[in-house]
1. Going through the range B:149-180 one residue at a time, which ones are more than 8 Å from every other protein chain (Cβ to nearest Cβ), crowded, with 17+ Cβ neighbours inside 10 Å and either over 18 Å from the mean Cα position of the chain (by Cα) or outside any helix (DSSP H, G or I) (or both)?
2. I'm trying to understand the selection: among the residues of the range A:122-154, which are surrounded by 14 or more Cβ atoms within 10 Å (Cβ to Cβ) and at positive phi?
3. Please go through the range B:1-55 and give me each residue that is closer than 20 Å to residue B:130 by Cβ, outside any helix (DSSP H, G or I) and in contact (Cβ under 8 Å) with a residue 40 or more places away in the chain, ordered by number.
4. May I ask you to list the residues in the range A:97-120 that are in contact (Cβ under 8 Å) with a residue 12 or more places away in the chain and surrounded by 16 or more Cβ atoms within 10 Å (Cβ to Cβ)?
5. Can you tell me which residue in the range A:24-50 is surrounded by the fewest Cβ atoms within 10 Å (Cβ to Cβ), limited to those that are under 12 Å from residue A:195 (Cα atoms) and within 14 Å of the chain's Cα centre (by Cα)?
6. I'd like the full set of residues that are assigned to a helix (DSSP H, G or I), buried (at least 20 other Cβ atoms within 10 Å of the Cβ) and at the interface with chain A (Cβ under 8 Å from one of its Cβ atoms), limited to the range B:201-217.
7. Out of (1) within 29 Å of residue B:203 (Cα to Cα); (2) facing another protein chain (nearest Cβ under 7 Å); (3) under 23 Å from the mean Cα position of the chain (by Cα), the odd one out for residue A:95 is which?
């Protein structure tokens, strides 16, 4: 992976976001360069989605600056998307929003997403996994410089999300686009990332995945703070990928689920 | 040909139906039916304004509907549930409008005509306003169709693609105010929402794409107007309500057709 192009695609400094009287983000800095995969992790309500939506421009920060590279093309995959049942929208029509796309590019996008037969299927009739892959296919049709994914594997089973992440890595190496991902599936995500940002209203720690995984701030957040599922993921992750590192302390909660 | 009042009525109805169809689809997709209602009720306030200032009814209604639409757009999301807000504004606007009209002493106002429409009294000048307004609405919506549709599917997806969804809201508010201003003569302030929502809801169970739904709604709306006119002529019933009755019957038939197809 090349990190030689030094001008960042998005550079945010000192972001402060207030939502309904509460401070959702406090003095957050964020930078991403071409081709990087950055994962944002953090417990529920830690401002992960808020940060992503602020970087896109959907939320106006009350302080701080965001600089996007001129002409930056963003491919955004939201956490969830409700399509009004009264809106007759086929998969092909959805893929051509907002810009019309040639039929062969739509067919190619569907093939790549592994959904060649769903061209005329209504969006409201898709399964959760199919829907996520259509969202990704649409984001890729715009040939983005940066792909922004908000918990893209929510509702997918282990196998489904592993496939999804494999596809993201393929896409990155094919298109050379940067990827920002919000997730709590730490065991899968962290191994695929160049950089991990651990968020809890502010940036707790950030860096290479193995550095963050052993950082005390990270373990304070995921080891004891959220007990169940998150700790279990770390547990799995440690066994799967960190054989040559010393095992971190296991709390009893880690085994609770 | 335009000398015949029935011909003028039919042309007025079709012009209104064509303008209302694509807008009505957005009203259905964005769940704005109540929003349309509130804006339409403000039309009576606009009528009072126009009569008091001796300006054309079209202008008064347009201003009042636009003001109401922008007020609701600005207030929603500031602590009030939108349907509560709309409930307050819709009926207040109607009540203030009715009271305001009653103050206009010396002016003999046919209130029924503004509440339920007076399509049989459409003049050639009215026709020009209706078709001019309809053309403006159709041009406005078709030129921004893709951005409007993307903003409707998801404001965040629109923003990521460089589209401002607030702009879509303004475009639709403007189109809605224009539609109300041209439709008040045809079906009246109380029934305008019906002309927006019912043809679109009827097309919904038959259409396969957003575009075909808008076109189907336009066809159904025109058919509805002609059917309502014929019904009113045959049975000597009030025309505006007759049009809405036909629309409602077509809606029920479309549900039956959709159920039979499954």
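The values are calculated or read from the model by the stated rules, or taken from the named source; none is laboratory data. As the structure is a computational prediction, the values presented were derived from the model and not from experiment. For neighbour counting, all protein chains shown are included, and Cβ atoms are generated from backbone atoms with ideal geometry for every residue, glycine included.
1. Within the range B:149-180, B:151, B:165 qualify.
2. Once the filter is applied, which keeps residues that are surrounded by 14 or more Cβ atoms within 10 Å (Cβ to Cβ) and at positive phi, the range A:122-154 yields only A:151.
3. The answer is B:2, and nothing else.
4. A:97, A:101, A:106, A:109, A:110, A:112, A:113, A:115, A:118
5. Only one residue fits best here, namely A:36.
6. Scanning the range B:201-217 gives B:201, B:204, B:210, B:213.
7. (2)
Yes or no, residue by residue, for (1) in contact with a helix residue (DSSP H, G or I) (Cβ under 9 Å, 6 or more places away or on another chain); (2) surrounded by fewer than 16 Cβ atoms within 10 Å (Cβ to Cβ); (3) farther than 22 Å from residue B:116 by Cβ:
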residue	(1), (2), (3)
B:54	no, yes, yes
B:59	yes, yes, no
B:71	yes, no, yes
B:90	yes, no, no
B:101	yes, no, no
